[in-house]
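Trainee: My structure is below; once you've seen it, I'll send some questions.
The values are calculated or read from the model by the stated rules, or taken from the named source; none is laboratory data. Because the structure is a prediction, the values reported are computed rather than measured. Virtual Cβ from ideal backbone geometry, glycine too; neighbours counted across all protein chains shown.
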Amino acid sequence: MRTYRHILVALTMLGIVGFSTAAKAEDPGITVEIRSIAADKQGEGFDSKLSDLKSKLEKVFDDYTRFEQLTSVEFELTPHQTKSVTLPEGSQISVTYHGPADDLLKIGLEISDKLSTTLRASPGSTFFQAGLDYRSGILILAITVDK
C-alpha cells in the first residue's frame, strides 16, 4: 500500500511539473514594427520620427545624408504565423515568426521575389534590410521585434 501511495504521489508531481513546463513553453508570440525609410544622398535632413535610430542609421548608412520615415506598421504574430505588408515602392514584405531559438526569436523575411531569408534576433532589437531602389536613393526597412 505504501509503495502504491509513493507511485501515486510521484505521478501526481510529474503531472504538476509537466503542466507547469507546458504552460511555460507556450509562446504568446511577438510584436513586429516595420518602418520604411527613404534614404538619399541629395540634400540633408533627418526625420524626427527616426530620432531613436539616428546614430545607427548615420553609422550604417554613412553615404546617405537625408532620412525620411515613410510608413510605420506594427502587428503581432503567433508562432508559425505570417503577415504581409505593402512597401512604399510597391513590393510586399512577408514576416513569419518561426518561434523562439534559445534566447533569440527566429524570423523569416520575404520581399517579393527579391529576398527570402531566415534570421535570429534578440527580443527588443532593431535590424535593417536595405537595397531596394526608391526615388533617387534607397528604401531602408527598420524592423523591430519584441516579445
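Trainee: Considering only the stretch 3-22, I want to know if a residue exists there that is modelled with pLDDT of 95 or more, β-branched (Val, Ile, Thr) and more than 16 Å from residue 141 (Cβ to Cβ).
Mentor: Residues of the stretch 3-22 modelled with pLDDT of 95 or more: none.
No, the stretch 3-22 contains no residue that is modelled with pLDDT of 95 or more, β-branched (Val, Ile, Thr) and more than 16 Å from residue 141 (Cβ to Cβ).
Trainee: Something else now. Only one residue in 113, 40, 103 is farther than 13 Å from residue 143 by Cβ and out of contact with any Ser or Thr (no Cβ under 8 Å at 6 or more places or on another chain). Which one?
Mentor: 113
Trainee: Which of the numbered conditions does residue 36 fail, given that it passes all the others? Conditions: (1) in contact with a Pro (Cβ under 7 Å, 6 or more places away or on another chain); (2) surrounded by fewer than 16 Cβ atoms within 10 Å (Cβ to Cβ); (3) at pLDDT 95 or above.
Mentor: Checking residue 36 against (1) in contact with a Pro (Cβ under 7 Å, 6 or more places away or on another chain); (2) surrounded by fewer than 16 Cβ atoms within 10 Å (Cβ to Cβ); (3) at pLDDT 95 or above, the one that fails is (2).
Trainee: In this structure, is residue 75 within 22 Å of the chain's Cα centre (by Cα) and either closer than 23 Å to residue 136 by Cβ or at pLDDT below 95 (or both)?
Mentor: Criteria not met by residue 75.
Trainee: Kindly provide the set of residues from the stretch 48-92 that are in contact with a Lys or Arg (Cβ under 9 Å, 6 or more places away or on another chain), closer than 16 Å to residue 128 by Cα and among the aliphatic types (A, V, I, L, M), ordered by number.
Mentor: Residues satisfying the conditions are 50, 53, 70, 73.
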